[in-house]
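Peer 1: This is the structure, below, for whatever I ask next.
The values are calculated or read from the model by the stated rules, or taken from the named source; none is laboratory data. Just so you know, these numbers come straight off a predicted model, no measurement behind them. As a convention, Cβ positions derive from the backbone with ideal geometry for all residues, glycine included, and neighbour counts pool all protein chains shown.
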Amino acid sequence: MNRLPQVWTYLAQEPLLWLTVTLFAYAIGDALFNAAGRRPWVNPVLIAMVLLAGLLWVTRVPYETYFEGAKFVHFMLGPATVALAAPLYGNLDKVKKSALPMLAALVAGSITAMVSAVAIAYALGVRGEVLLSIVPKSVTAPVALGISESIGGSMTLTAVLVILTGIMGAVMATPLLNLLRITDWRARGFAVGVASHGIGTARAFQVNETAGAFAGIGMGMNAVLTAILAPILVRWFL
């Protein structure tokens, strides 16, 4: 037992350890999610994040050390996003029929996601780098980090906000859309994808394949549009 701290110090430096811990934490979250009847508020990503954050805090392991081992999961974000093309192709006819409403919803949703968050933060006294970091919070992580860097925000803070936005969307979207009596899976999925990117899209796929396909479209299109609009909005208003 006296050598346990030394053993942990050695293991903590091994990249494979943190990849294993990350997958194990998500497995626990997914098991609890299924045990709860797949309720949206028992979100496996949120559970995994809390478990990992608690472990890093207790063991005092720097985030850089953790990320060095877990970055393979981050790398897989790219292939996972590209893989959304498969359900998109399967719903191509529905996409063509909904093209114009989707474009209108995209513009409205993208601008609202940026302006509303920044306006609320500004009204509460947030300024400078922190305020700029909020702008791309509804965009998938790799794109959001690039946008944040280009407009002068903090990439670290943006990453946290992106994750929180995705989790909140995944938890709140289904009850909220049910409350609003929106039953069209295309509209439900597209709204979730625009508002809460990859985590929301994953949740949409759990509910309905059509919703997941349209969520993937919304996520991708919002990433492109936000990358174009964010620098312009920042230049004009901030």
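Peer 1: Within the bounds of region 57-73, is there any residue that is among the aliphatic types (A, V, I, L, M), modelled with pLDDT of 80 or more and in a helix (DSSP H, G or I)? Quick ask: steps written out before the conclusion?
Peer 2: Start the filter on region 57-73 by keeping residues that are among the aliphatic types (A, V, I, L, M), which leaves 58, 61, 70, 73.
Keeping just the survivors that are modelled with pLDDT of 80 or more gives 58, 61.
Still in the running and in a helix (DSSP H, G or I): 58.
Yes, there is a match, as at least one residue in region 57-73 is among the aliphatic types (A, V, I, L, M), modelled with pLDDT of 80 or more and in a helix (DSSP H, G or I).
Peer 1: Looking only at residues in region 135-151 that are in contact (Cβ under 8 Å) with a residue 24 or more places away in the chain and farther than 25 Å from Ile47 by Cβ, which one is surrounded by the fewest Cβ atoms within 10 Å (Cβ to Cβ)?
Peer 2: That would be Ser150.
Peer 1: Would you mind telling me which numbered condition in (1) within 19 Å of the chain's Cα centre (by Cα); (2) more than 21 Å from Met49 (Cα to Cα) Thr158 fails?
Peer 2: Unmet for Thr158, out of (1) within 19 Å of the chain's Cα centre (by Cα); (2) more than 21 Å from Met49 (Cα to Cα): (2).
Peer 1: Could you check, for region 161-184, whether at least one of its residues is more than 21 Å from Val73 (Cβ to Cβ), touching a Leu at 6+ places or on another chain (Cβ under 7 Å) and assigned by TED's automatic domain parsing to the domain that holds Val224?
Peer 2: Within region 161-184 (the criterion being more than 21 Å from Val73 (Cβ to Cβ), touching a Leu at 6+ places or on another chain (Cβ under 7 Å) and assigned by TED's automatic domain parsing to the domain that holds Val224), the answer is no, since none of the residues qualifies.
Peer 1: Hey, among the residues in region 77-125 that are under 21 Å from Gly212 (Cβ atoms), modelled with pLDDT of 90 or more and among the aliphatic types (A, V, I, L, M), which one's nearest to the chain's Cα centre (by Cα)?
Peer 2: Ala113
Peer 1: Just to be sure before I move on: is Val224 surrounded by 22 or more Cβ atoms within 10 Å (Cβ to Cβ), β-branched (Val, Ile, Thr) and over 16 Å from Pro40 (Cβ atoms) in the structure I sent? So that I can check it myself, show each step before the final result.
Peer 2: Working: surrounded by 22 or more Cβ atoms within 10 Å (Cβ to Cβ): no; β-branched (Val, Ile, Thr): yes; over 16 Å from Pro40 (Cβ atoms): yes.
No, not satisfied.
Peer 1: Restricting attention to region 184-201, does a residue exist that is modelled with pLDDT of 90 or more, of a type in the set (D, E, K, R), crowded, with 20+ Cβ neighbours inside 10 Å and more than 22 Å from Phe33 (Cα to Cα)?
Peer 2: Scanning region 184-201 turns up at least one residue that is modelled with pLDDT of 90 or more, of a type in the set (D, E, K, R), crowded, with 20+ Cβ neighbours inside 10 Å and more than 22 Å from Phe33 (Cα to Cα).
Peer 1: Looking for whichever is free of Cβ contacts under 8 Å to residues at least 24 places away in the same chain, aliphatic (A, V, I, L, M) and over 30 Å from Trp18 (Cα atoms) here; the options are Ala159, Ala99. Which one fits?
Peer 2: Numbers: Ala159 fails: over 30 Å from Trp18 (Cα atoms).
Only one candidate qualifies: Ala99.
A quick yes/no check of all residues on (1) touching a Phe, Trp or Tyr at 6+ places or on another chain (Cβ under 7 Å); (2) over 17 Å from Ile217 (Cα atoms); (3) not assigned by TED's automatic domain parsing to the domain that holds Gly189:
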{"residue": "Met102", "(1), (2), (3)": "yes, no, no"}
{"residue": "Leu106", "(1), (2), (3)": "no, no, no"}
{"residue": "Ser110", "(1), (2), (3)": "no, no, no"}
{"residue": "Ser116", "(1), (2), (3)": "no, yes, no"}
{"residue": "Ala123", "(1), (2), (3)": "no, yes, no"}
{"residue": "Ile134", "(1), (2), (3)": "no, yes, no"}
{"residue": "Thr140", "(1), (2), (3)": "no, no, no"}
{"residue": "Gly152", "(1), (2), (3)": "no, yes, no"}
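Peer 1: Of all the residues that make up region 207-238, how many are modelled with pLDDT of 90 or more and outside any helix (DSSP H, G or I)?
Peer 2: So the answer is 0.
Peer 1: Still on this structure: Are any residues in region 37-56 of a type in the set (Val, Ile, Thr) and assigned to a helix (DSSP H, G or I), and if so, which ones?
Peer 2: Applying the first criterion (of a type in the set (Val, Ile, Thr)) to region 37-56 yields 42, 45, 47, 50.
Residues satisfying the conditions are Val45, Ile47, Val50.
Peer 1: Suppose we filter region 108-134 for residues that are exposed (fewer than 13 other Cβ atoms within 10 Å of the Cβ) and β-branched (Val, Ile, Thr); how many remain?
Peer 2: Residues in region 108-134 being exposed (fewer than 13 other Cβ atoms within 10 Å of the Cβ) and β-branched (Val, Ile, Thr): 1 in total.
Peer 1: Here's a follow-up. Asp93 fails exactly one of the following numbered conditions: (1) surrounded by fewer than 12 Cβ atoms within 10 Å (Cβ to Cβ); (2) farther than 26 Å from Val194 by Cα. What is the number of that condition?
Peer 2: (2)
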